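Asker: I'd like to ask some things about the structure below.
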Amino acid sequence: MKLKKYILSASFAVCALFASAQAQEEVTETVFRPYWYGQLQGGVQETLGETSFGKLLAPNAQITVGRQFNPVWGLRLAVNGWQSKASIDFEGRHNWKWNYVSPTLDLTCDLTSLVGGYKPNRRWYFGAFAGVGANIAWDNKEANCVNDALKPFVGGENALFDIWDGTKVRFVGHMGLNLDYAVSSRVRLGLELQANVLPDTYNSKRAKNADWYFNGLIGVKYAFGATKAKRSRMVDVAPCEPQVVEKIVERVVEKVVEVPTPVAAEPEVVEPFRRDIFFTISNTTVDKAQMGKVQQVVDYMTKYPESRVVVTGYADKGTGTLRINLRLSEQRAKAVAEALINNGIDPKRIETKSMGEDEFQPYSDPVLNRVAICIAGE
């Protein structure tokens, strides 16, 4: 006669003995690394004046040295310059040009990383900047010639009321947007649009308002050193789950004295089963290293056809915004559910939940809260 007996596996005994302790697992992730960079750009400038937009185009160039402190914020010193133009419609159309150089100190903001978090393999970056500096202008002889030519028409007085000569230094406000494409981790190609505001005297005319010029630049940026690094560390993980195994013990009876009364078999008890599927920062794709855990859930549900599983997605509330974390937690749960379905589990047996960042965080270590927790059972 065979007697069936279920016993807890050796892993269950170990887990029961150390139930209050947590195991550790090595986690490797890519992190941002601060870096210096240089940038060369060329393009055109349009100065606002008494003519239609596009009539006062002039060449423009810029050289920049900057420091990126974190994925979002940086600081740069930009030296912009070449040529500006102006125009007046008085006794005919008169145009003139002069030279300048303008160093500015700018605060930079990577809007893509601010909204979407740091992603080491991102290709497109959209940012903004703002700063202040000085505009050093010289060689305004063409404006002086125009002024001298027009003096007879205004009784010998200056026709350009704010005419200047020599070298002039003025305050300049500097702001704009940029779009970069990462060719590699160190090289980016970029487009930059600038707006610059100066005192009314910049173009030698008096209009009782600020003077403006706009720059459009394209160029290349090069990072002097690595921009990212790999980091490995040991983190706490959930205690191992007990496994139920079946052991059959046989006993041989040589002589049956009587026929035993049939006894109804006790119903099999299905122990709850848990697996935690971890994700990297801002990621919603199940990593190959985590697919083994997904397969364990599949094996369990295959063995117990009546079982169901609840997949709950979480996000690290220490990074990203509430809206982003709600989306991440939902997509992580759906990614694990899709992996279960692709391995033969009926979608009707799967329930997904997303907890975002305002709900209970299962781990004290923020890195571990980038997780989808599977709990299976009847």
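The values are calculated or read from the model by the stated rules, or taken from the named source; none is laboratory data. Remember, it's a predicted structure, so these values are computed and weren't measured experimentally. Note that each Cβ is placed from the backbone with ideal geometry, even for glycine, and that neighbours are counted across all protein chains shown. Each accessible area value is taken on the protein alone, full model and side chains, heavy atoms only, with ligands, DNA and RNA left out. Shrake-Rupley method; radii C 1.70, N 1.55, O 1.52, S 1.80 Å.
Asker: Where does the charge balance sit around residue 175 when Lys and Arg score +1, Asp and Glu -1, over other residues with C-beta under 14 Å from its C-beta?
Answerer: -1
Asker: So for the range 170-212, averaging the separation of alpha carbon pairs under 8 Å that are six or more residues apart and normalising by length, what relative contact order in percent results?
Answerer: 36 percent.
Asker: From Cα coordinates alone, what are the radius of gyration and Dmax values for the range 322-378 in angstrom?
Answerer: Final numbers for Rg and Dmax: 12.3, 34 Å.
Asker: In addition: Across the range 140-155, in residue order, what do the Karplus-derived ³J(HN,Hα) couplings come to in whole Hz, using 6.51 cos²θ - 1.76 cosθ + 1.60 with θ = phi - 60° and x for Gly and Pro?
Answerer: Once θ is set to phi - 60°, the couplings for the range 140-155 become 9, 5, 5, 5, 5, 5, 4, 4, 5, 5, 9, 4, x, 7, 10, x Hz.
Asker: Same structure again: Mean separation of Cα pairs under 8 Å and 6+ residues apart, divided by the residue count of the range 272-378: what relative contact order is that in percent?
Answerer: 44
Asker: Quick one: with all protein chains in place, what share of the accessible area of the range 66-181 is carbon or sulfur, to the nearest percent (1.4 Å probe)?
Answerer: The nonpolar share, carbon plus sulfur, comes to 63 percent.
Asker: Tell me, in nm to one decimal, what length is gained between residue 271 and residue 121 on full extension, where the rule is 0.36 nm per residue of separation less the Cα-Cα distance?
Answerer: 49.8 nm
Asker: Under the classification rounded if a/c is under 1.5, otherwise prolate if a/b is larger than b/c and oblate if not, where does the range 82-232 fall, given a ≥ b ≥ c as square roots of the Cα gyration tensor eigenvalues?
Answerer: Because a/c hits 1.5 or more and a/b exceeds b/c, the range 82-232 counts as prolate.
Asker: Could you work out the mean projected area of the convex hull around the alpha carbons of the range 45-149, in square nanometres to one decimal?
Answerer: Approximately 8.5 nm², given one-decimal rounding.
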